[in-house]
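Single-structure report; data block below.
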Amino acid sequence: MKALVYNGPNDIRLMDIDKPQLGSSKEVCIRVKAVSICGSDLSGYKGTSKFREPPLVMGHEFSGDIVTIGKDVTDLRIGQRVTVNPNLYCGKCHNCLEGRTNLCSNRKTVGTKMPAGKYDGAMAEYLCVPATAVIPLRHSVSYEEAALLEPLAVSLHAVKQARHLAGGSVAVVGAGPIGLLAVQCAKQLGAATVIALDLVDERLDRARQLGADIVINSNSDFLSQVKDVTNRIGAAAAIDAVGVSNSLSQCMQMVRDGGDIVLVGLGSGVMNVDTYELVCREISIQGSYIYREEMQEGMEMVANGDVNVIDLITSVLPLEKGPETFARLASGRTNDIKVVLQSA
């Protein structure tokens with residue numbers, strides 16, 4: 001089969017590799033229809049992600065059709081349209097047994113090299129996965145939309161961590177894919193006012209189109225603008241979808257006393273925190289890592305028309321265009337928000 005194979009920093013090639021076979025009677029094989037490029041895939045391409053080790057087929061945001069079913073799989077059928085939770089949890093560790101499957105230390109993740117091992121991903125014509133990870137698609141959800149259910153789940157899980165959401169004001173820092181989806185999730189979960197901040201005006205325009213009530217360029221006097229729309233109190237919660245010292249500092253300034261900051265961006269491994277502000281204003285900082293059941297919840301939102309993911313997709317290209325697409329995205333000289341690759 002054809003696959004995009006990551007062979008080292010800035011080296012991804014379309015190659016012929018062996019078509020995967022079922023590893024057990026409890027697996028299914030999927031013909032990939034659409035796979036989107038994640039920011040973490042770009043980090044891997046540039047050689048800056050410890051979770052991408054060559055040779056590797058990346059791709060964990062995808063959809064397709066079931067073409068083969070293991071003999072012990074009884075609740076799925078050949079031809080069924082599906083997506084997949086790419087985080088393959090062990091189900092036995094302390095975190096899994098307490099319901100924190102997103103923190104499973106023994107998991108494998110499709111398209112990555114985790115401590116538990118490597119698992120080739122969906123930037124290929126076919127892949128096999130455990131049937132328990134498969135999520136059947138609603139009829140109204142397209143393959144392209146389904147390829148964005150994974151990042152939608154990341155955003156939904158993050159927004160759910162904010163305690164003071166309903167009826168309050170929420171600031172979302174970073175209008176990339178996760179931030180744009182967080183804007184919509186915050187509205188759906190009851191935020192009265194959603195404020196989007198970014199350095200790029202085009203991204204802010206997209207945030208407004210997707211439901212942000214207020215958009216602010218972070219290079220402006222953002223704090224006074226946030227104060228103006230929150231009765232001088234500050235936002236009840238802030239979602240940091242960037243994850244660098246500056247974005248966290250912005251959140252600290254914007255959030256009200258006793259407010260919540262949710263960190264979902266991973267732009268930097270180490271960030272500076274003003275502990276005086278943190279302690280004396282009783283601000284809560286909560287990390288948010290991937291998701292649990294939110295892929296299914298997100299699919300219902302998309303199917304019901306409550307969340308728009310299709311307008312985040314700025315390019316749909318054939319898998320064969322993968323090498324040049326990765327090079328273009330990694331250069332930073334692009335206006336793309338989300339790119340989806342399709343196999344023939």
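Bear in mind that the values in this text are calculations on the coordinates, not laboratory data. If you're wondering where the values come from, they're calculated on a predicted model, not measured in any experiment. Note: ideal-geometry Cβ built from the backbone for every residue, glycine included; neighbour counts use all protein chains shown.
The table for this structure:
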read-out: Stretchable slack from Thr132 to Asn217, in nm (0.36 nm times residue separation minus alpha-carbon distance); value: 26.3 nm
read-out: Fewest-first sequence of Cys104, Cys29 by Cβ atoms within 10 Å of each Cβ; value: Cys29, Cys104
read-out: Footprinting exposure proxy for Thr193, Thr132, Thr112 (fewest neighbouring C-beta atoms within 10 Å first); value: Thr132, Thr193, Thr112
read-out: Crossing angle, helix 149-160 versus the chain [Cα axis fit, 0-90 degrees, rounded to tens]; value: 30
read-out: Gaussian network model of the chain, springs between alpha carbon atoms under 10 Å - residue of Ala327, Ala186, Ala122 with greatest fluctuation; value: Ala327
read-out: Theoretical FRET efficiency, 1/(1+(r/R0)^6), r = Cβ-Cβ of Val279 and Ser43, R0 35 Å, to 0.05; value: 0.60
read-out: Förster radius 35 Å - calculated FRET efficiency between Ala192 and Val316 (Cβ-Cβ, nearest 0.05); value: 0.50
read-out: Residue-count net charge about Tyr143 - beta-carbon cut-off 10 Å; Lys, Arg +1, Asp, Glu -1; value: -1
read-out: Rel. contact order, % - alpha carbon contacts under 8 angstrom, at least six apart, segment 155-287; value: 24
read-out: Sequence of Lys46, Lys187 once ranked by neighbouring C-beta atoms within 10 Å, starting from the fewest; value: Lys46, Lys187
read-out: Theoretical gain in end-to-end length, Met271 to Arg328 [0.36 nm per residue, Cα-Cα removed]; value: 17.7 nm
read-out: C-alpha long axis of helix 294-303 to longest principal axis of the chain, angle in °; value: 90
read-out: Angle in degrees between helix 245-254 and the longest Cα principal axis of the chain, rounded to the nearest 10; value: 50
read-out: Projected label distance in nm at Lys92 and Val200, using a 7 Å step from Cα toward the beta-carbon; value: 4.4
read-out: Global geometry of segment 155-287, whether rounded, prolate or oblate, following the gyration tensor of its Cα atoms and the 1.5 cut on a/c; value: rounded
read-out: Relative contact order of the chain, defined on C-alpha pairs under 8 angstrom at six or more residues apart (%); value: 18
read-out: Total formal charge among the other residues, if their Cβ is under 9 angstrom from that of His164, Lys/Arg +1 and Asp/Glu -1; value: +1
read-out: Fluctuation leader among Met114, Met271, Met295 - the chain, Gaussian network, Cα springs under 10 angstrom; value: Met271
read-out: Counting DSSP beta bridges with both ends in the chain, the antiparallel % (nearest 5); value: 55
read-out: Summed side-chain charge close to Glu61 - residues other than Glu61 whose Cβ falls under 12 Å, Lys, Arg +1, Asp, Glu -1; value: -3
